[in-house]
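Report on the following structure.
Each value in this text was obtained by applying a stated rule to the coordinates, not by laboratory testing. Everything numeric in this text was worked out from a predicted model, so none of it was measured. For neighbour counting, all protein chains shown are included, and Cβ atoms are generated from backbone atoms with ideal geometry for every residue, glycine included.
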Amino acid sequence: MDIPYTVEVRRDTGLNNGKIGIWLFLASEVMLFGALFASYILIRTGSPSWPRGDTVLDYRLATFNTIVLIASSVTMVMAWASLMRRRFGTFRIYMAATVLLGGVFLVVKYFEYSHHLHLGEYPSHSNFFAIYYTLTGLHMLHVLGGMVVNAYFWGPGAKLWNTNPVWFTNRVEHSGLFWHFVDLVWIFLFPTLYLL
Amino acid sequence: MSDHLATTDHDDHAGHDPADIDRHVRVYIMVFVALMVLTVITVAVSRLHLSVPAAVSVALLVATVKGGLVACYFMHLISEKKLILAVLALTAAFFVVLLALPSLTHSNGFWIPQAEPAHSDDAHK
Amino acid sequence: MSHPGTVAAGAAHRAHEAHHEELGFWRKYVFSTDHKVIGIQYAVTGLLFLLFGFVLMMLMRWNLAYPGVPLPLIGGLFGEARMPGGTMLPEFYNELGAMHGTIMVFLGVVPLAVGGFGNFVLPLQIGAPDMAFPKINMASYWCLFLGGITMLGSFFVPGGAAQSGWTSYTPLAVIAGSGQTWWLVGMIFLITSSLLGAVNFLTTTIQLRAKGLTFMRLPFFVWAQFVTSFLLLLAFPPLEAAGVMQLMDRVAGTSFFMPSGLVVSGQVLANAGGGNTVLWQHLFWFLAHPEVYVLILPAMGIVAEIIANNTRKPLWGYRSMVYSIVFLGFVSFIVWAHHMFMTGMGTAMAAFFQTTTMIISIPSVVILTALVVSLWGGSIRFNTPMLFAISFLPMFGIGGLTGLPLGLNISDIPLHDTYYVIAHFHYVVAPGTIFALFAGIYYWYPKATGRRMNETLGKVHWFGSLVCMNVVFMPMFLVGLAGVSRRLFDAGSAYDFAQGTMHWNSVSSWGAWIMALFQIPFIFNFFWSIRNGEKAEDNVWQATTIEWSAPSPPPHGNFAVAPQAHRGPYEYSVPGANKDFTPQFEA
Amino acid sequence: MTEWLGLPPLAAAHGGQIDSLIGWIHVFMFILFIGWGGFFLYCLVRFRKSRNPVADYVGVTSPASKYSEIAVAVIEGVLLVGFAIPLWAARVEGMPSASEALTVQVTAEQFAWNVHYPGPDGVFGRTDIKLLDLQTNPLGLDRDDPAAKDDVTTLNQLYLPVNRPVIVRLRSKDVIHSFGVPEFRVKQDAIPGLTIPIHFIPNVTTAEMRTRLGKPEFQYEIACAQLCGLGHARMRGFVTVQTAEEFQKWLEEQIAEQSAPDPFR
Ligand code: HEA
Ligand code: HEA
Ligand code: CUA
Ligand SMILES: [Cu+2]
């Protein structure tokens, strides 16, 4: 007996396994970042003074990164849509763009970090920087993880397209869900850390 | 229709015939534009240096709208199955609990609120 | 329908022989993706850690019974840094205590109850060929393994393992030695393992249920695992985040949990300050309260299965049990601060958390009542699984009831952080959960191996364990009521008010050591029966749930023909039927 | 009514309420346990296989169990709303006024209790981390501050007058400790970064408790209840409850002694 509903959907739930799995995983991610946001609130409200993000961080870089990440979300969803239209070539282009945009994000982040480290603004500098590095660092790891998965589907993983296109499309959809989630987290991180 | 992937039994995502996908793509582009506009708005508002409560409310409101757009359209939550929405509702409830209860408990403590640091006011700077 | 199992076996072999025979030893038994193999890996790992945790505790019990007296015979083995001249130092005691708690909870019970029983039994019970994501399942086990190795390894780092209690309260844990860093890294592995497992269990239960197996026809065990997985999924991530923050505080010098102006032994700490100590407690207990239900719910599930089977009648009040367990899972997320009543909680929040704590006791009462009432009208067989399962009921009763005075914060004032708390929760986890797990092992062993465990040895094991558990833990209530704090390496011998309780400590200790002797028949039985146990047919216990339709042991893929559920899970002694059980899987 | 539970002797005014709640809840627990346990044992005997070879598909039909569950819920509710919540409110909100009460500051550290009395002026002298010296000045009290002139500090010795409300302001220098005095039914974590006031009225002097218990050596002990490191088991302090006159005398002696110029300075 093979494991059912890896590709086809189950009648009563209307879903396949991967879809449920990825959403459950994202639910746990919500709680992970939730705990960090809760800590942020408690520490910030408990401290006598707290710097406004844009006085210590470069909000222009972050704005640029926001745009990059949102754009990568769009290319991601376009990659999936291309598969739905059975246009494998376009899929490859969009997927490559997604991974590259992720790369741009990381490069910008790299400059941002090294700038602060240069100024001696280590995590131990203040609670602001502590939470800044923790939140953005964790987020960055997620970007990296998403890029690895996407690169896999762009490269070796794409072989599945020839044997089971539906399954492949589902997988791309699920990795897309993760990617959008990472984007979504950034959408909240951006104002909390850089603007407020 | 054969050049389109229609997953068996797929009655969500409204079938995904070519016209559908094309319509989706148009929606994605619109969402993209909206997200860009909203990003510009948040940044612009933050330049106005509103008072903290106002700035926080605006920023979080805009972020919520942006997040909502991503979740609903890019992540297809708008047409997702009930089961997943239920899981997310549960998660959202506990997320709120996690955000709210520690702060509430903290503000309800019967300790002396502005505790002077035990020994010196500015031992560290 | 004669024997669906045999048919299943034949066909399964035909279908799968081809490519599964090729799997080498490593892929088949070590890096396996078969839920049954993984389940057994989990279970054995869990058992070994339980034993290890028990050994740690027996060492501690020496110093509690005879504070300051050198440990005879083996005392010299632990080195001068830990037991100079065989006398236990407080740092060693604290090390043992923190690791006993951590190992028992995260490396003993969770892997056995959730990883072991969940993996082995759940897919079989819902008629699935495997878990929904076999590779993730394997990854989950190996994360646990890494976490376990990290925890064990930490005993060998300079300064020894973590010493700040399983709760790892800050600032103590932040200024502690390097063992704490290992503890944090280990916890991150263990949490990741549980999260992967939880996603898998939930998806499997939702998606891979056999045809006809609606949610209200699920065995209670499956429900228990289902709710447990939700708890793991949503409660563990905050501790992961907190673990990362504590790690940052330790290695990167941040101050998430470190307030300003700390002075340790006259030295001002070089932290930035401004952190919030109580925040750690919130994040820890946000997990750790649901975690205690993670420890108990699978146990309740196992007990329910065994009671239904051995009373030969349906569980009484199945529906109300299901509603209760779901409700319990939900409420368990909003009671956590009852562990923090003494941190300076104001009236409003104290009232809130006391109220939720009282509310959450009600579903437990409903479930326990249903299980007890299920006995009425049965035709009760007292085999080993059943003996352990029924002992669970009053033992959990004692543990649960003594949770009530702790849950009201006025009565918690004198009891908080005393041995009363230790006694309370050991009654629920040791003669509670551990007994249920023993019951489950005796019950499903034939399914996993094709042979039964020896009944006589089993009964000896049961009797000795039941008596000893009470000898160990009952005196702790008295010690606690007298006001003696927990985590005292000398059992409080420095305090005058504790003098009247010192003799109870030796009673407890002797209970624990004698209990260890009574585990020998079990360990022997466990390994001996693999080859020499009495051969068991596929449905040894004449049970009704779907796992018993598979061959024992089930082949890869479990069933050749997808099984179907035709009725509820516990149709025993149906009036007019020709035998006293009407399995779910029989048309 | 709580001797049977083995609680320590009681020596604070509010303790009676706590004890009776503990007593009643245990009675409630015993009744439940005996009730359920009796039924349980009866079932095991009555419905064993040899006595009852054929099980009954339906089982219990009487609604008694439902009523008992409702009763449990109601009793828990009564204990909660009737006792626990109001008593807690009294504990944390009924802070006596500073004029009628004696205020003491207790600062925990690894592994000792530093007690600090404000003296007759009622004002705690300034403390500064820079003056802190482990041996001679563990609190870092600035003796040059006028308010500190009449301050009294002791190590591990808390002297209290009987029958007068006391406010103990708890703090900690390093890690979390917990201030517990079993006879007073008092326990409160001392958390670094926070100052937490608790209050109680000791109502039995040490001398009286000695005669009452027939133990001439008896002392009230402060027991640290929260794991705080290696010395957790040895973090023991003493409380001496005296009559108002004795206490006043003690305090004056201490002031005289401690405000004397320090020959080493
Ligand atoms: C499996 C684990 C488990 C379970 C199920 C519970 C169940 C409960 N616990 Fe417990 N608890 C722990 C594990 C558990 N606990 C641990 C590990 C700690 C300490 C952690 C630490 O500090 O290190 C702790 C500590 C703890 C505290 C903090 C104490 C302190 O530090 O001061 C509190 C306070 O509210 C509490 C309350 C409760 C309550 C109200 C329940 C309720 O859910 C109980 C409800 C159950 C009943 C009311 C029983 C009903 C049954 C019957 C009536 C049937 C009887 C049957 C027969 C006689 C046949 N627990
Ligand atoms: C699941 C959780 C669990 C379990 C099962 C136990 C089991 C036991 N515990 Fe523990 N305990 C904790 C969780 C647990 N404990 C925690 C969380 C703490 C608090 C730590 C802290 O302060 O931070 C604690 C603290 C604690 C203390 C207090 C220490 C202190 O405060 O100073 C004591 C004291 O006696 C104690 C004793 C025991 C004893 C005698 C057992 C016995 O019941 C053990 C019995 C064990 C078995 C019966 C195992 C049998 C296993 C086998 C036979 C395996 C066979 C193997 C194969 C077949 C391969 N424990
Ligand atoms: Cu101080 Cu324990
Ligand atoms: Cu709890």
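Our Cα-only numbers for chain C put the radius of gyration and Dmax at 24.1, 81 Å. Which value in Å does the Kirkwood hydrodynamic radius of chain D take, with 1/r averaged over all unlike C-alpha pairs and then inverted? For chain D, inverting the mean 1/r across all distinct Cα pairs yields 21.9 Å.
Just tell me which aspartates and glutamates come within less than 16 Å, Cα to Cα, of C:Lys135; anything on the same chain fewer than 8 places away is out. The qualifying aspartates and glutamates are A:Asp2, C:Asp34.
Highest mean packing comes first when the peptides C:566-575, A:23-32, C:210-219 are listed by Cβ atoms within 10 Å, giving A:23-32, C:566-575, C:210-219. Remark: spin-label model distance C:Lys211-D:Ala244 equals 8.9 nm, labels positioned 7 Å along the Cα→Cβ axis. Once you order the gyration tensor axes a ≥ b ≥ c over the Cα atoms, which shape class does the stretch A:1-93 get: rounded for a/c under 1.5, otherwise prolate or oblate by comparing a/b with b/c? Since a/c reaches 1.5 but b/c is at least a/b, the shape of the stretch A:1-93 is classed as oblate. Positive end of the dipole of the stretch D:2-93 (Cβ unit charges, origin at the Cα centre): among D:Trp24, D:Ala12, D:Phe83, the Cα lying farthest that way belongs to D:Trp24.
Per-residue shielding of C:390-400, expressed as the average number of other chain Cβ atoms within 10 Å of the residue Cβ, stands at 2. Against chain C, whose longest principal axis comes from its Cα atoms, helix C:277-311 is set at around 30 degrees.
Restricting attention to the stretch D:102-258, lysine pairs at least eight places apart or on different chains and with alpha-carbon atoms under 27 angstrom apart total 7. With R₀ set to 22 Å, the beta-carbon distance separating C:Asn532 from C:Lys28 gives a calculated FRET efficiency near 0.40. Distance between the modelled labels on D:Gln157 and B:Arg47, one decimal in nanometres: 7.0 nm (7 Å Cα→Cβ projection). Max-minus-min Cα coordinates of the stretch A:17-195 on each principal axis give 60, 30, 21 Å, with the largest extent listed first. Per residue, the Cα convex hull of the stretch C:179-258 amounts to 91 Å³.
Could you compute the FRET efficiency for D:Val27 and C:Tyr323, with r as their C-beta to C-beta distance and R0 at 35 Å, rounded to 0.05?
The computed FRET efficiency comes out at 0.70.
Normalised radius of gyration (Cα atoms, divided by 2.2 N^0.38 Å) for the stretch D:2-93: 1.60. Rounded if a/c is under 1.5, else prolate if a/b is larger than b/c, else oblate: which is the stretch B:22-75, with a ≥ b ≥ c the root eigenvalues of its Cα gyration tensor? It is oblate, given that a/c is not under 1.5 and a/b is not larger than b/c. Once C-alpha pairs closer than 8 Å and six or more residues apart are averaged by separation and normalised to the residue number of chain C, the relative contact order reads 18 percent.
What you get for the stretch C:441-517, charging only the Cβ of Lys and Arg (+1) and of Asp and Glu (-1), is a dipole of about 500 debye around the Cα centre. Proximity of backbone amide H atoms, modeled 1.01 Å from N, is registered between D:Thr103 and D:Ile167 at under 5 Å, excluding neighbours fewer than 5 places apart on the same chain. Dividing the Cα radius of gyration of the stretch D:182-262 by 2.2 N^0.38 Å, with N the residue count, gives 1.35. Any chance you could give the angle, 0 to 90 degrees and rounded to 10, that helix C:90-102 forms with the longest Cα principal axis of chain C? That works out to roughly 30 degrees. Averaging over all projection directions, the Cα-based convex hull of the stretch A:144-196 occupies 3.7 nm² in the image plane. Its convex hull of Cα atoms gives the stretch D:102-258 a direction-averaged projected area, equal to a quarter of the hull surface, of 9.1 nm². If a spin label sat at a point 7 angstrom from the Cα of B:Ser103 along the line to its beta carbon, the backbone N atoms of the stretch B:34-64 nearer than 15 Å would be those of B:52-61, B:64. Max-minus-min Cα coordinates of the stretch C:355-486 on each principal axis give 52, 28, 25 Å, with the largest extent listed first. Could you tell me the calculated FRET efficiency between D:Thr136 and D:Arg164, based on Cβ-Cβ distance and R0 = 41 angstrom, to the nearest 0.05? For D:Thr136 and D:Arg164, the calculated efficiency is 0.85. Here the spin labels are modelled as points 7 Å beyond Cα on the Cα-Cβ line, and at B:Leu83 and D:Arg48 they lie 4.8 nm apart. Using alpha carbons only, how many degrees (0 to 90, rounded to 10) separate the axis of helix C:419-428 from the longest principal axis of chain C? Taking Cα atoms only, the helix is inclined about 10 degrees. Here's the picture: charge each Lys and Arg Cβ at +1 and each Asp and Glu Cβ at -1 in the protein assembly as shown, and of D:Val106, A:Ile22, B:Val70 the one pushed furthest to the positive end of that dipole is A:Ile22. Note on the protein assembly as shown: helix-only mean residue ellipticity at 222 nm, from DSSP H runs of 4+ residues weighted -39500 (n - 2.57) and normalised by residue number, equals -19000 deg cm²/dmol. Largest first, the extents of the alpha carbon coordinates of the protein assembly as shown on the three principal axes equal 99, 83, 57 Å.
The fraction of all Cα pairs in the stretch D:215-263 landing in successive 5 Å bins from 0 to the largest distance is 4, 16, 14, 15, 16, 15, 16, 5, 0, given as whole percents.
Going by the alpha-carbon gyration tensor, a ≥ b ≥ c the square roots of its eigenvalues, is the stretch C:448-587 rounded (a/c under 1.5) or, if a/c is not under 1.5, prolate (a/b greater than b/c) versus oblate? Cα axes put the stretch C:448-587 in the prolate bin. Take each residue in B:47-54, count the other chain C-beta atoms within 10 Å of its C-beta, and the mean is 1.
With the convex hull constructed from alpha-carbon coordinates only, the stretch C:242-379 shows a mean projected area of 11.3 nm² over all directions. Only one residue of C:Phe201, C:Gln267, C:Thr277 has its Cα farthest out toward the positive end of the dipole of the stretch C:199-313, where Lys and Arg carry +1 and Asp and Glu -1 on Cβ, and that residue is C:Phe201.
Please get the size of the charge dipole for the stretch A:19-91, origin at its Cα centre, with Cβ charges of +1 on Lys and Arg and -1 on Asp and Glu, quoted in debye to the nearest 20.
Working: 7 positive and 3 negative charges, 80 e Å.
Dipole size: approximately 380 debye.
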